[in-house]
Amino acid sequence: MYKLMTAGMAALLLGAGASSAQAFEDRYSVGVLAGTTGVGAEVSWRFHERMGVTAQYAGGLSWSGDFDTDDVDYDGDLDISAGAIKFDYYPFAGRFYLTAGAMLPDMEASVSGRSKRNDTFEFDGATYAASDIGSVHGKLTIADGVQPYAGLGWRSSHQQGFGVFSELGVMATSIDVSLSTSENFEGQDGVESDQFRRDLRREEQRLKDEADKLPFYPVAVVGVSYTF
C-alpha cells in the first residue's frame, strides 16, 4: 500500500511538472504601430512566460515650429524616425511588461533664421549687415546614433490570433547644433569675420542649451498585432 501511494504521488508530481512545462508555448507576433516616432512595424518573440524580445521601426513623422533668441527668429522642420531592439520582462507572467533596450533614432531639424531687423543681424551686441551674412541656416539634431531606452507596456494576449498593444517610454537625447550663413561670412578672412565666427559659435551654444532642457524624448506607441 505504501509503495502504491508513493508511486501515485510521484506520478502526480511528474504530471504537474510536465503540465507546467507545457503550459507556456513561445510565440511570435508581427504588428503595425503608430506613435511619437511615426508609423511602422514590429516583430516580437515571447520565448518565456516572463521574457521576450521585440524589434521595431517607425518613421515618417514631421514637426514644424519656430523659436527665437534675442537676436534671431528661427523656423525649423523636424523629421523623426527610429528603430529599436528591446528586452521585455513580464513580472506577473501576464500582459503587463517592463522593457529596456537601445533605440537608433534619426531626429534632425533643418533650421533657418532671419534677423529681427530688416537690414542687420545682431549677435551678442555686435551688429552685422544682412547683406554680408545673407541668412542663417543649419541643423539641430535631437538624437542620433544609439540611445538607451526604457519603458512599460501592455499586450492583450500572447495566444494565437489578433491583439492590441501599447507602450510608454523615454529615450535619451543627444543634442547638437551647427549653424552657418548663406554668404559664408564666418569662413572669410578679416577681423569682423573672426568676431562673427565666435558670435555664431555662441549662438549655437545658446540653441543647444535651450534644446538640452529636453534630456529625454517621450515615446508613446499603440498598435495591432497577430500572434502565430
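The values are calculated or read from the model by the stated rules, or taken from the named source; none is laboratory data. The structure displayed is predicted, hence computed values, not measured ones. Quick reminder, even Gly has a Cβ in these numbers, built from the backbone with ideal geometry, and neighbours come from all protein chains shown.
Miscellaneous remarks
- Filter result for residue 111 (under 35 Å from the mean Cα position of the chain (by Cα), among the β-branched types (Val, Ile, Thr), in a strand (DSSP E or B) and under 18 Å from residue 67 (Cβ atoms)): yes
- Test result for residue 124, on the phi > 0 side of the Ramachandran plot and among the acidic types (Asp, Glu): yes
- Looking across region 153-188 at every residue that is among the aromatic types (Phe, Trp, Tyr) and within 33 Å of the chain's Cα centre (by Cα), the one that is farthest from residue 99 (Cα to Cα) is identified as 162.
- Some residue of region 204-215 being touching a helix residue (DSSP H, G or I) at 6+ places or on another chain (Cβ under 8 Å) and either of a type in the set (A, V, I, L, M) or surrounded by 13 or more Cβ atoms within 10 Å (Cβ to Cβ) (or both): no
- Of note, residue 191 does not satisfy the criterion of being within 24 Å of the chain's Cα centre (by Cα), of a type in the set (Val, Ile, Thr) and either modelled with pLDDT of 95 or more or at negative phi (or both).
- Positions within region 166-204 being acidic (Asp, Glu) and either in contact with a Phe, Trp or Tyr (Cβ under 7 Å, 6 or more places away or on another chain) or part of a strand (DSSP E or B) (or both), in sequence order: 167, 176, 186, 199, 203
- Scanning region 114-146 for residues that are loosely packed, with under 15 Cβ neighbours inside 10 Å, out of contact with any helix residue (DSSP H, G or I) (no Cβ under 7 Å at 6 or more places or on another chain) and in a strand (DSSP E or B) yields a count of 3.
- Count of region 208-228 residues which are touching a Phe, Trp or Tyr at 6+ places or on another chain (Cβ under 8 Å) and not β-branched (Val, Ile, Thr): 5
- Positions within region 78-113 being within 11 Å of residue 149 (Cβ to Cβ) and basic (Lys, Arg), in sequence order: 86
- Considering 163, 138, the condition of being modelled with pLDDT of 90 or more, within 30 Å of residue 55 (Cβ to Cβ) and not aromatic (Phe, Trp, Tyr) is satisfied by 163 alone.
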